[in-house]
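So the structure is just underneath, and the comments pick up after that.
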4 protein chains.
Amino acid sequence: MFCVTCDASKELEDLVAKARPYSQHGKLASYIPALEKANKDDLSVAIYHLDDGTCTYAGDYQEKFTLQSISKVLSLAYVLAHIGEGKVFQKVGMEPTGDPFNSIAKLETSKPSKPLNPMINAGALVVTSLIPGQNTSDKWEKFLQFVQTLSGNTEIGYCKEVQESEFETSNLNRALCYFMRQHGVLEGDVESIMELYTKQCSIEMNCLDLARIGAVFSNNGRDPLSKKELIPEQIARICKTFMVTCGMYNASGEFAMKVGIPAKSGVSGGILGVIPNRCGIGVFSPALDEKGNSLAGWTLLELMNKKYDFSIF
Amino acid sequence: MFCVTCDASKELEDLVAKARPYSQHGKLASYIPALEKANKDDLSVAIYHLDDGTCTYAGDYQEKFTLQSISKVLSLAYVLAHIGEGKVFQKVGMEPTGDPFNSIAKLETSKPSKPLNPMINAGALVVTSLIPGQNTSDKWEKFLQFVQTLSGNTEIGYCKEVQESEFETSNLNRALCYFMRQHGVLEGDVESIMELYTKQCSIEMNCLDLARIGAVFSNNGRDPLSKKELIPEQIARICKTFMVTCGMYNASGEFAMKVGIPAKSGVSGGILGVIPNRCGIGVFSPALDEKGNSLAGWTLLELMNKKYDFSIF
Amino acid sequence: MFCVTCDASKELEDLVAKARPYSQHGKLASYIPALEKANKDDLSVAIYHLDDGTCTYAGDYQEKFTLQSISKVLSLAYVLAHIGEGKVFQKVGMEPTGDPFNSIAKLETSKPSKPLNPMINAGALVVTSLIPGQNTSDKWEKFLQFVQTLSGNTEIGYCKEVQESEFETSNLNRALCYFMRQHGVLEGDVESIMELYTKQCSIEMNCLDLARIGAVFSNNGRDPLSKKELIPEQIARICKTFMVTCGMYNASGEFAMKVGIPAKSGVSGGILGVIPNRCGIGVFSPALDEKGNSLAGWTLLELMNKKYDFSIF
Amino acid sequence: MFCVTCDASKELEDLVAKARPYSQHGKLASYIPALEKANKDDLSVAIYHLDDGTCTYAGDYQEKFTLQSISKVLSLAYVLAHIGEGKVFQKVGMEPTGDPFNSIAKLETSKPSKPLNPMINAGALVVTSLIPGQNTSDKWEKFLQFVQTLSGNTEIGYCKEVQESEFETSNLNRALCYFMRQHGVLEGDVESIMELYTKQCSIEMNCLDLARIGAVFSNNGRDPLSKKELIPEQIARICKTFMVTCGMYNASGEFAMKVGIPAKSGVSGGILGVIPNRCGIGVFSPALDEKGNSLAGWTLLELMNKKYDFSIF
């Protein structure tokens, strides 16, 4: 069962109506060709409430989108759970950075060469390289299953068109991988890592599914309905911390100031939000601001925070 | 009145005893000659409880120390309250950085040249340059009064020896000031700014005073006893956010993970901690780790978090 | 005696006529207010021939200009002669850099912090700090005398208006000085160094004087008429080498390719050229290209190289 | 015919004896496993004299070594001759850099992203990507033929063991390629470029062959015996200019100062030297200094310069 009931919310619709016009000032992600096909106007939101297991939504809530960088939180949770904090943080740091998410310069200037955190591309690639499994397809299947469990939706898969588009154009991520392989930070075959990474980025869902994932983190790693532990509490906490300090690219500080919740965005325009012990949020609107965050999505979360006082600060 | 009662705590003493040995692995700040005279063994802690206005303490709680970078939070709160968010964030950013607190390189490579946040030296110098007043001594007196009010202690002043030592050796801060003046980020006479900045860094107090300041932030800007607003709530929130994302130099991410509270450290070995709606904390131990944070102080806060579950995540 | 005869050259006039229109595409240096008053159209050139001690010239040859960065070669020669290679190269490197002449980032990222070469501002400031003398005015008088001797013109002085303008606006150079003082690369009072440095940059002469200085370097350090050693041969060689590898800001490589002679330019629009064992060249045209080199001046030297085959490669 | 006569030189042997001990302070290149098998003591030198077409040599002159970075000059000459200056310098700059030869940071911070010059790895990879031909083996055969012609030795081939070792371990070069492909600076299949690049780096010869190549550049691109043009004069000049400004990694400035000739070194320990209109030089000694230049080889060239006055400055 996904949730107890799932209803449209008049209140949320009002906020969506206020936020939607902002999408006009944003731009669709252009560096992954398949993402440019999105409908710039789309805006959707869902809230999964922990207290009663219900879900409220508004806007184009059935619209699917790929996770992109949002998947970095999920792979991190998965890898931490399977190989342990010690091994992961030997390879990737815990510190926010003022550099863009795809920057390579710090890898050269830092000694030792180690990605600053798992929310930037370099760090996320290391995390993906640590996903356990016998081979790429084994790794992929088990990780996808994990994501399906979190979302309570076994239908979830990945968008082949986006994945292939990303795989073909991922020169920068290949550069990061080879650079880190040179420095012994990343091991394994780069093309296999790229396959796995582009698949995880291309996992497709709607805002309801995403809100449900947020609810798991909100519930300290436990399934909001069955209360079963899906992610150890300490790992859920680590993930939420990274979401606060580095979840919104290099506008994370501003987002913490203006909205103040653990969140992770992707260049598809999705945003995963977590209100600790209260609810999970999924937002989608594909037009991005200059730093890669959904413009109308961010605006909507600001409006929601003003109305519902979400901030943890 | 400073607090309702002020008592030694057996429980805290036990934690202090556990944390104290860590100070042996740290080093006294060497770049400010006067700070090298500190007693490496010192460790003190105080907690100011919001619920009953009482204070508990342990260790060398009467030992005074200078605020150093902790003062960055106080000058930020003061300047935000007096000239407004708009003017401040035009000159200084909101984003955490992976660079050291005294780095100048980002000022050159970022366009426009603007300090990433007010917790690194460049940003803090800009904030100090914005302190309003007719002249340096007028600015200083009013700011000191603000700090005295927050701490509930009108005896608080600055350590002249440390201030003079810092003023003489602040070549790097002068470099940052001139560089920012070149780019129109910082205005005014550099030597006057240096006087004001080194004075604010040299403000001297003990852990009880510092815990009391933490209690104001914990109490959303209100005096914990009189409930009077000393800092507007929204500004207190901004400060707490910066303390989470950038308060512990470039170990802020790790601290968020391991302790999870708004905190700000200084190279004197002091740490200001804030547990929202619960208590304020002052810690002092002068031996530092490689990143400039008090080693025993950090350890003590980890132990306290394990015992009292402080983390906001 | 300055030279044997000094005559206008029809051939040079033709080249000047061809190069002059290029000045229209350049810009006057704007960062030193006094330099913006120059006449954008000006173009002048003089050649001091070693074989017969004669001088030929063309264009606005009586127009005076300040040396700016050209003075870096002269202070280097002076300091090398007075305190020796060993002490100088302990403080400043020998390597070209791809960074702009006023960059500070490399000083932070290089270990040890040491300017890459004496032709960028950081390195030139270190060289100026090493000028020997009892006090600033003593240092200045002796250095000016050295420049007068090289140019064979005891009338040469500095432009007070430009010097004051530079002194007031040299925030970036002050930043470089304080940064290097922090790292022990530069010693002494920054304001005194700034006075001396802005004076050396403001030394004023015309293209005939500059060509005469070039002739000394061309003649391996010897006065072209009296044959007296003004600069030790080995030091003249060092200077010419720096002029080839770093003389034309970060277009030095391109200039070596297209003209191929030791040369040093300044943001006033002057260029000092040296054709080894043949002649010295002085060029002036104040409109600059994006990298800070005189646009018509560079063009003129390219044309001269095509006609007279100057390149050392 | 390779040369008129080829004789051992007593004078050179004396210099070799003086320089050889320096090899003890160097280290064999470790990042390409196959290079670590070299004999640390080896030192050889050959001079190809333009005036009489004779060759003098000393030391272990029959010892073969791979060209490594020396090949960058040859591929540059080849590509410039085949596709023209315009197309080449659209993709790669002309400026020296203070960064290490394998640095990637400047590619990220420079706008547009373009390697600073063809002597650093990034630039050389771009040059190799521009080698014309129907496929990799066609490109390779024609380029090898060009090198054979320059050296007057049709026996010259490449060392398969070194090539394979480099191909396997070239993570950093792959990172550079993918990064530049992302920015449209480099086109084509990265693995094919890596094959071609590692083959050109693995071309194997002795110091006599290398001196003969130097003689071609010394003779302005013409075969020293037949006087046939092998490289257009203007292109030979461009190559010599790059050798002066960037030929000796980031010790090029120091080498220009201390030896003062166009030269290019490789991490195998080879150095190609060019004395314009006089002679070509080949030197080999595998123990390197910290910047990647042959230690005894550099020393030998300094001694030769003192004796024969080679410097062009």
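The values are calculated or read from the model by the stated rules, or taken from the named source; none is laboratory data. No experiment lies behind these values; they were computed from the predicted model shown. Backbone-built Cβ (ideal geometry, glycine too); neighbour counts: all protein chains shown. These area figures cover heavy atoms from the full protein model, side chains too; ligands, DNA and RNA do not enter into them. Shrake-Rupley method; radii C 1.70, N 1.55, O 1.52, S 1.80 Å.
List of remarks:
- Those residues of the stretch B:111-131 which are free of Cβ contacts under 8 Å to residues at least 60 places away in the same chain and either closer than 12 Å to B:Val88 by Cβ or buried (at least 16 other Cβ atoms within 10 Å of the Cβ) (or both), in sequence order: B:Leu116, B:Asn121, B:Ala122, B:Gly123, B:Val127, B:Leu130
- When the criteria are applied in full, A:Pro118 fails the requirement of being touching a His at 6+ places or on another chain (Cβ under 8 Å) and either within 14 Å of another protein chain (Cβ to nearest Cβ) or within 19 Å of A:Glu85 (Cβ to Cβ) (or both).
- Positions within the stretch B:10-19 being open to solvent by less than 70 Å² (accessible area, probe 1.4 Å) and in contact with a helix residue (DSSP H, G or I) (Cβ under 9 Å, 6 or more places away or on another chain), in sequence order: B:Leu12, B:Leu15, B:Val16, B:Ala19
- Filtered residues of the stretch C:56-107 (kept if in contact with a His (Cβ under 9 Å, 6 or more places away or on another chain) and within 14 Å of another protein chain (Cβ to nearest Cβ)): C:Leu107
- Selection within the stretch D:133-176 - farther than 29 Å from D:Phe217 by Cα, open to solvent by 30 Å² or more (accessible area, probe 1.4 Å) and more than 19 Å from the chain's Cα centre (by Cα): D:Glu161, D:Glu164, D:Glu168, D:Thr169
- Of all residues in the stretch D:165-187, those that are facing chain A (nearest Cβ under 9 Å) have Cβ atoms under 6 Å from Cβ atoms of residues that are modelled with pLDDT of 95 or more and in a loop (DSSP other than H, G, I, E, B), 6 or more apart or on another chain, in D:Cys177/D:Leu186; D:Met180/D:Leu186.
- Note on the stretch C:68-107: residues that are in contact (Cβ under 8 Å) with a residue 12 or more places away in the chain, polar (S, T, N, Q) and in a helix (DSSP H, G or I) total 4.
- Qualifying residue in the stretch D:261-268 (condition: closer than 25 Å to D:Val92 by Cβ and at the interface with chain C (Cβ under 9 Å from one of its Cβ atoms)): yes
- Residues of the stretch A:20-60 classified as more than 13 Å from A:Pro286 (Cα to Cα), touching a helix residue (DSSP H, G or I) at 6+ places or on another chain (Cβ under 9 Å) and not in a strand (DSSP E or B), total: 4
- Answer from C:Gly297, C:Gly247 - the residue that is assigned by TED's automatic domain parsing to the domain that holds C:Asp14 and more than 29 Å from C:Lys139 (Cβ to Cβ): C:Gly297
- Here the condition is being within 14 Å of another protein chain (Cβ to nearest Cβ) and assigned to a loop (DSSP other than H, G, I, E, B); of D:Asn250, D:Asn277, it holds for D:Asn277 alone.
- Looking only at the stretch D:232-253, residues that are under 25 Å from D:Cys3 (Cβ atoms) and surrounded by fewer than 24 Cβ atoms within 10 Å (Cβ to Cβ) come to 4 in all.
- Residues of the stretch B:1-19 that are part of a loop (DSSP other than H, G, I, E, B) and free of Cβ contacts under 8 Å to residues at least 60 places away in the same chain: B:Thr5, B:Ser9.
- Selected residue (criterion: farthest from the other protein chains (Cβ to nearest Cβ)) from residues of the stretch A:300-313 that are at pLDDT 95 or above and buried (at least 22 other Cβ atoms within 10 Å of the Cβ): A:Leu300
- Test result for C:Val162, within 12 Å of chain B (Cβ to nearest Cβ) and of a type in the set (A, V, I, L, M): no
- Scanning the stretch C:263-286 for residues that are hydrophobic (A, V, I, L, M, F, W, C) and crowded, with 24+ Cβ neighbours inside 10 Å gives C:Ala263, C:Ile271, C:Leu272, C:Val274, C:Ile275, C:Cys279, C:Ile281, C:Val283, C:Phe284.
- Counted residues, the stretch A:108-132 - those being in a loop (DSSP other than H, G, I, E, B) and not hydrophobic (A, V, I, L, M, F, W, C): 9
- The stretch C:207-216 - residue that is of a type outside the set (Asp, Glu) and touching a Ser or Thr at 6+ places or on another chain (Cβ under 7 Å) and, of those, surrounded by the fewest Cβ atoms within 10 Å (Cβ to Cβ): C:Arg212
- Residues in the stretch D:224-265 that are closer than 22 Å to D:Ser151 by Cβ and basic (Lys, Arg): D:Lys227, D:Lys228, D:Arg237, D:Lys240, D:Lys264.
Residue by residue, here is whether (1) buried (at least 24 other Cβ atoms within 10 Å of the Cβ); (2) more than 22 Å from D:Leu130 (Cα to Cα) holds:
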{"site": "D:Tyr178", "(1), (2)": "no, no"}
{"site": "D:Leu196", "(1), (2)": "no, no"}
{"site": "D:Ser226", "(1), (2)": "no, yes"}
{"site": "D:Leu230", "(1), (2)": "no, no"}
{"site": "D:Met257", "(1), (2)": "no, yes"}
{"site": "D:Ile261", "(1), (2)": "yes, yes"}
